[in-house]
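Student: Take a look at this one; I'll ask things after.
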Amino acid sequence: MTDSRLQSPAAARNRGPILEVLRDVLPARARVLEIASGSGEHAVHFASAEPGWTWQPSDPHPRALASIAAWREAAGLPNLREPVPLDVEGDWPSRTFDAVVAINLLHISPWAATEALMAGAGRCLVPGGVLVLYGPFRREGRHTAPSNAAFDADLRRRDPRWGIRDLAEVTAEAARYGLAPARVVEMPANNLCVVSRKVEEAGRLGSHP
C-alpha cells in the first residue's frame, strides 16, 4: 500500500512557533477550523500537543485531503477530525468554532480568497473567537526583508493574482466582518502571526487582549 502522507519542510520548521502563539490565544478547550491544511502535518502536531482542542482540518484539493487522512490515521488522535473538502470561496461548515487558522494561504491565492476568508470567519466564529493568520506580510506598504521582496516578485510571476499582502489591507478587510485586531507576533524567517478577535457586539471594534 502506498503512503499518501505528504511532507512539508516548512511545516516542520514553523509548527513550533505557531503552536506557541496558538497556546497564547486559545483556551485549553477549543473547536478549531483550519483552512487549507495542506499536508496535514500542522493539524497532527497541534492536535497532539493540545488534547483539549478539537481540530477540524480542511482543504479543497483531493491529494491534500488524502494526505491529511493518512496522517490522521497514523496518529490515531481522538481530537483530530476527518478532513473536509472546503474551498475558502465556497460553502463553509454550518457549525461554529472558537478559532479559524490559516497558515501560508493569503500570498498564494487571489485577493478574493482573503475576502472570502474574512467573511467566512466572521460567520462561523463565536463571539470572542479568533482568526489566526501565519505568513509573510508587507507593513506600511513595504516588505519586511529583501528575501520577502524577491519572494513576492516570484509569486507574481507565477500568478499575477498572487503576492504578499499588506497587513493594513488585511486588517481592514477583517474589520468589515467584525474581526478586530488583537495582536501581531514576529515569527522566524520574516513571517508574522496576525491574530484578530470577533467582537461580541456589532459595531464594537475594541481589541481583546
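Student: Send over a whole-number figure in Å² for the accessible area per residue of the stretch 28-87, probe 1.4 Å.
Tutor: On the way: 2620 Å² over 60 residues.
Heavy-atom accessible area per residue stands at 44 Å².
Student: Also, I was wondering about something else. Please list 76-82, 64-70 highest first by mean number of surrounding beta-carbon atoms within 10 Å per residue. Each step should come with its number before you reach the end.
Tutor: Values: 76-82: 15.0, 64-70: 20.7.
Answer by packing, highest mean first, reads 64-70, 76-82.
Student: Counting Lys and Arg as +1 and Asp and Glu as -1, what is the net charge of the other residues whose Cβ lies under 15 Å from the Cβ of Cys193? If you can, show how the numbers build up before the last one.
Tutor: Values: positive: Arg13, Arg15, Arg23, Arg139, Arg165, Arg183, Arg197; negative: Glu20, Asp24, Glu34, Glu186.
That sum, taken over residues with Cβ under 15 Å, equals +3.
Student: Moving on to the next point. Using Cα-Cα distances under 8 Å and only pairs 6 or more residues apart, what relative contact order does the stretch 55-99 have, in percent?
Tutor: Values: 40 pairs, mean separation 21.2, N = 45.
Rounded, it is 47 percent for the stretch 55-99.
Student: Let me ask something additional. With a point put 7 Å past each Cα toward its Cβ, work out how far Ser48 is from Ala69 in nm, to one decimal.
Tutor: Modelled inter-label distance: 2.2 nm.
Student: Okay, moving on. Once the Cβ-Cβ distance between Asp87 and Asp166 is put in as r, and R0 is 22 Å, what FRET efficiency do you end up with, to the nearest 0.05? Display every interim value, and only then the final one.
Tutor: Values: r = 24 Å, r/R0 = 1.10.
Taking R0 as 22 Å, the efficiency between Asp87 and Asp166 is 0.35.
Student: How much net charge surrounds Leu80 when only the other residues with a Cβ under 13 Å from the Cβ of Leu80 are counted, with Lys and Arg +1 and Asp and Glu -1? List each step's numbers first, then the result.
Tutor: Values: positive: Arg31, Arg72, Arg81; negative: Glu34, Glu41, Glu50, Glu73, Glu82.
Once positives and negatives cancel, what remains is -2.
Student: Next question, about the same structure. Using only alpha carbon pairs under 8 Å that are at least six residues apart, calculate the relative contact order of the chain and give it in whole percent.
Tutor: Numbers: 401 pairs, mean separation 37.3, N = 209.
Once divided by the residue count of the chain, the mean separation gives 18 percent.
Student: Now for a different question. Subtract the Cα-Cα distance of Arg139 and Ala175 from 0.36 nm times their separation in residues, and report this length gain in nm to one decimal.
Tutor: Details: separation 36, 0.36 × 36 = 12.96 nm, distance 1.72 nm.
Full extension from Arg139 to Ala175 adds 11.2 nm.
Student: Could you tell me what percent of the accessible area of the chain is made up of carbon and sulfur, with a 1.4 Å probe and every protein chain present? Kindly include the intermediate steps, with their values, before the conclusion.
Tutor: Numbers: 5150 of 10150 Å².
The C+S portion of the solvent-accessible surface of the chain is 51 percent.
Student: A further question on this structure: Sort 192-199, 92-99 for me by packing, meaning the mean count of neighbouring Cβ atoms within 10 Å per residue, highest on top.
Tutor: On the way: 192-199: 23.2, 92-99: 16.2.
Highest mean packing first, the order is 192-199, 92-99.
Student: Which percent, to the nearest 5, of DSSP beta bridges fully inside the chain are antiparallel?
Tutor: So the antiparallel bridges in the chain amount to around 45 percent.
Student: Give me the accessible area per residue for the stretch 133-194, probe 1.4 Å, as a whole number in Å².
Tutor: On the way: 3210 Å² over 62 residues.
I get 52 Å² per residue for this part.
The values are calculated or read from the model by the stated rules, or taken from the named source; none is laboratory data. Note that the coordinates shown come from a computational prediction; the quantities given were computed from them, not determined experimentally. Here the Cβ is made from the backbone with ideal geometry for all residues, glycine too, and neighbour counts use every protein chain on show. These area figures cover heavy atoms from the full protein model, side chains too; ligands, DNA and RNA do not enter into them. Shrake-Rupley method; radii C 1.70, N 1.55, O 1.52, S 1.80 Å.
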